[in-house]
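The values are calculated or read from the model by the stated rules, or taken from the named source; none is laboratory data. From a predicted model like this one, the values you see are computed outputs, not experimental measurements. As a convention, Cβ positions derive from the backbone with ideal geometry for all residues, glycine included, and neighbour counts pool all protein chains shown.
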Amino acid sequence: MEWLSMNQWSPYVAGAGIGVLSWFTFLLSDKPLGCSTAFARTSGMIERLFRGRKVMEKPYYKEFPPTVDWEWMLVLGIVIGSFVSAQLSGEFYLRWVPGRWEVAFGHEPWLRVIMALVGGMLMGFGARWAGGCTSGHGISGTLQLSVSSWLAALCFFIGGIATVELIFRILVG
Amino acid sequence: MFTTFHSKKGPQLLLGLGMGIVFGFLLQKGGVTNYDVIIGQLLLDDFTVVKVMLTAVVTGMPGVYLLKTLGLGKLHPKPGSFGTSVIGGLIFGVGFGTLGYCPGTIAGAVGQGYLDALFGGVIGVLIGAGLFAVLYPRLDEGILHKGDFGELTFPRLLKVNHWIVVIPVILVLVCFLLMLEKVGL
């Protein structure tokens, strides 16, 4: 069982595993792998705690009701699965600043957290605008040969590459 | 064959959780829940993310299309337009680069102990998604439908049997992966 405690698997093994997993999501659950709708539903659930049932009248939440569904459970599962994997390889520990960020911008947590917050807002907004994320469009959509997904996935990377270039190569110099 | 099972709520929620655990395990073992790996991909010096994604596509595509051919599964291509995919995709990309995780891998990053993902990224994604829900009625009247093409797939666009597209796409993606290995990326 040594493979369970390995730090990292070949990306081809992990990728093929995700491909096979997607066969089963289609067969057993009639669903593609996807994550970003779960965040939109959670956002609606939190808003509902403060504003009550009025939230349900928003047109967006009529289309995507703020309730726990298959995909919401999938995202919860990701947290658990990643924890188990990291725990088995001794890679689970709490940290505020990832390595490459620290090299470029130092170890102050607040700067990293503010950037993550701003990035998260843009990504959450963009994911709902595009109707999917790196899993829903990038993996599940492209493997179904969906036109919207190939276009979206291409734009995810164009936007991401340009931004990281700006942050890490132009700002830092 | 599984259609009645698809509508059983309790078992499906449990199945979603189980499949998520497998997904999270694979993402973490693949290295893509790691900020440094994602930033390395966007800086084009570490191709792990592309390798994981394309291998998943190459493996998933023939299986899912086989399920469709055998009548055991249905496709769910997302509807879209140039307005949603291009503009939404670019906004997502800017956020993706700034945050260094995506909605799936951020859940994995949280599970691995990244507090910047939990207290910065996840809160940000929830705020961003909420803002979109506020602006949705206005956006839905215009820009989201610019260049609308609906639930289009490439086989339908080209009006050919899906295997005529599936097989060449797999070959091209496999060649691309072999080329990455050959140049040492």
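Got at least one residue in segment B:51-63 being more than 8 Å from chain A (Cβ to nearest Cβ) and surrounded by fewer than 19 Cβ atoms within 10 Å (Cβ to Cβ)? Scanning segment B:51-63, I find at least one residue that is more than 8 Å from chain A (Cβ to nearest Cβ) and surrounded by fewer than 19 Cβ atoms within 10 Å (Cβ to Cβ), so the answer is yes. Counting the residues of segment A:57-98 that are out of contact with any Lys or Arg (no Cβ under 7 Å at 6 or more places or on another chain), not in a loop (DSSP other than H, G, I, E, B) and not acidic (Asp, Glu) gives 20. What residue, among those in segment B:72-128 that are assigned to a helix (DSSP H, G or I), within 7 Å of chain A (Cβ to nearest Cβ) and hydroxyl-bearing (Ser, Thr, Tyr), is surrounded by the fewest Cβ atoms within 10 Å (Cβ to Cβ)? Step by step, filter segment B:72-128, then rank; the result is B:THR98. On inspection, A:ARG100 fails the criterion of being at pLDDT 95 or above, under 14 Å from the mean Cα position of the chain (by Cα) and more than 18 Å from B:LEU27 (Cβ to Cβ).
Residues in segment B:129-144 include at least one that is part of a helix (DSSP H, G or I), more than 7 Å from every other protein chain (Cβ to nearest Cβ) and farther than 26 Å from A:ARG51 by Cβ. Look through A:GLY81, A:GLY15, A:GLY52, A:GLY34 and report the one residue that is more than 7 Å from chain B (Cβ to nearest Cβ) and buried (at least 24 other Cβ atoms within 10 Å of the Cβ). Being more than 7 Å from chain B (Cβ to nearest Cβ) and buried (at least 24 other Cβ atoms within 10 Å of the Cβ) holds for just one of A:GLY81, A:GLY15, A:GLY52, A:GLY34, which is A:GLY34.
Given the structure, is B:THR48 of a type in the set (Ser, Thr, Tyr), in contact (Cβ under 8 Å) with a residue 12 or more places away in the chain and either within 30 Å of B:TRP163 (Cα to Cα) or surrounded by 22 or more Cβ atoms within 10 Å (Cβ to Cβ) (or both)? Taking the combined requirement at face value, the residue satisfies it.
Inclusion of A:LEU117 among residues that are surrounded by fewer than 24 Cβ atoms within 10 Å (Cβ to Cβ) and more than 7 Å from chain B (Cβ to nearest Cβ) is not warranted. Any chance segment B:3-12 includes a residue that's in contact with a Ser or Thr (Cβ under 9 Å, 6 or more places away or on another chain) and charged (D, E, K, R)? No; the residues of segment B:3-12 include none that is in contact with a Ser or Thr (Cβ under 9 Å, 6 or more places away or on another chain) and charged (D, E, K, R). Across segment B:145-159, the qualifying residues are those that are more than 11 Å from every other protein chain (Cβ to nearest Cβ) and surrounded by fewer than 13 Cβ atoms within 10 Å (Cβ to Cβ), and the one among them that is modelled with the lowest pLDDT is B:LYS146.
The residue list A:GLY90, A:GLY136, A:GLY141 contains one member that is within 26 Å of B:MET19 (Cβ to Cβ), touching a residue at least 40 places away in the same chain (Cβ under 8 Å), surrounded by fewer than 17 Cβ atoms within 10 Å (Cβ to Cβ) and not hydroxyl-bearing (Ser, Thr, Tyr), which is A:GLY90. In summary, A:VAL55 fulfils each of the numbered conditions (1) modelled with pLDDT of 95 or more; (2) touching a helix residue (DSSP H, G or I) at 6+ places or on another chain (Cβ under 6 Å) with the single exception of condition (1). Residues that are part of a helix (DSSP H, G or I) and free of Cβ contacts under 8 Å to residues at least 24 places away in the same chain within segment A:6-20 comprise A:PRO11, A:TYR12, A:VAL13, A:ALA14, A:GLY15, A:ALA16, A:GLY17, A:VAL20, listed in sequence order. Please verify whether segment A:74-84 includes one or more residues that are within 23 Å of B:GLY73 (Cα to Cα) and among the aliphatic types (A, V, I, L, M). Looking through segment A:74-84, at least one residue is within 23 Å of B:GLY73 (Cα to Cα) and among the aliphatic types (A, V, I, L, M).
B:ILE167 passes every criterion in (1) buried (at least 16 other Cβ atoms within 10 Å of the Cβ); (2) farther than 21 Å from B:VAL94 by Cα apart from (1).
Only one entry of A:GLY99, A:GLY124 meets the criterion of being closer than 27 Å to A:VAL172 by Cβ and touching a Gly at 6+ places or on another chain (Cβ under 8 Å), and that entry is A:GLY124.
Is one or more of the residues making up segment B:132-154 out of contact with any Pro (no Cβ under 6 Å at 6 or more places or on another chain), under 27 Å from B:MET19 (Cβ atoms) and of a type in the set (D, E, K, R)? The answer is no, given that none of the residues of segment B:132-154 is out of contact with any Pro (no Cβ under 6 Å at 6 or more places or on another chain), under 27 Å from B:MET19 (Cβ atoms) and of a type in the set (D, E, K, R).
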